[in-house]
Amino acid sequence: MKLELLHPLAFVPTMGALHAGHQSLISMAKSYAPNVLVSVFVNPLQFENPDDLAKYPRDLAGDAVKAESAGATFVWSPTVEEIYPSEPKIISAGELGNKFEGVHRFGHFDGVLTVVKRLFDLTQPEFALFGEKDFQQLFLIKRMVRELALPITVIEAPIVREADGLAMSSRNVRLSAEGRQAALVISRALHAAARQQDLDSARTLLHQTLREEARFALDYAEIIDEENFEIASSATAKPRALVAGWINDLRLIDNMPMNFGGQR
Ligand code: PAF
């Protein structure tokens with residue numbers, strides 16, 4: 001398919017299975033440009049586990065309706081051949097690509113950066129919107145845009161939560177009713193940490209609360225410096241807590257800015 005896009009263009013790249021979080025990104029995109037493109041592409045390069053790729057929820061017809069009702073002008077669902085007509089030149093996420101989410105997901109962030117760069121090349125948007133839910137992904141994409149001097153403004157959008165606090169994710173549909181209940185420990189722990197006045201108490205509360213739920217298998221819970229993704233210190237101006245773990249065989253991630261005594 002030849003893309004005939006109108007500019008200025010705000011671009012919302014997705015892997016489909018759209019939910020209210022994506023819809024809020026799409027309506028936010030509308031405030032940056034009159035033309036909003038939503039791509040739906042389940043990128044095989046960012047799945048280190050073939051089973052996870054096979055199980056990734058797909059509903060293109062439903063996605064198109066949701067995207068359009070949120071304000072999308074174009075919905076584009078390219079094939080693997082359109083995105084990767086030949087062996088792609090892999091963009092490395094560097095050392096940070098092997099930390100946090102990257103520890104168990106070897107090559108994941110290289111796959112994300114490679115597809116995002118390719119999508120940017122094909123669509124040349126003025127604006128691109130990404131959610132804070134995948135905070136490490138957002139950090140790496142912003143760094144790539146800066147390092148390659150791409151003429152694109154990256155807009156970051158806050159996490160959208162269910163009424164009970166669970167961060168919206170396309171994977172949530174795979175949680176059992178019991179798992180869904182257990183998953184609430186993550187946002188509870190993040191809120192508990194965010195209420196603390198200093199870094200040490202926040203770290204303690206974060207881990208203590210996460211331990212209260214036996215069905216949640218913790219992978220990591222860290223407070224990092226948003227500016228450089230290093231572990232936060234008491235001098236960090238913008239600390240953010242990151243949590244990742246498993247409920248049954250489903251991996252969940254979440255994060256929240258910390259604001260000890262209003263230091264931000
Ligand atoms: O966040 C996602 O949905 C994906 O990682 C992205 C940015 C669309 C790249 O495939």
### Task
Could you check, for the range 224-233, whether at least one of its residues is on the phi > 0 side of the Ramachandran plot and crowded, with 16+ Cβ neighbours inside 10 Å?
yes
### Message
Here's a check for you: in the range 100-119, which residue that is among the hydrophobic types (A, V, I, L, M, F, W, C) and within 11 Å of the ligand (Cβ to nearest atom) is farthest from the chain's Cα centre (by Cα)?
### Response
119
### Task
Count, please, the residues in the range 48-69 that happen to be modelled with pLDDT of 95 or more, within 14 Å of the ligand (Cβ to nearest atom) and more than 22 Å from residue 154 (Cβ to Cβ).
1
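The values are calculated or read from the model by the stated rules, or taken from the named source; none is laboratory data. These figures come from a predicted structure and were not determined experimentally. Every residue, glycine among them, receives a Cβ derived from its backbone with ideal geometry; neighbour counts consider all protein chains shown.
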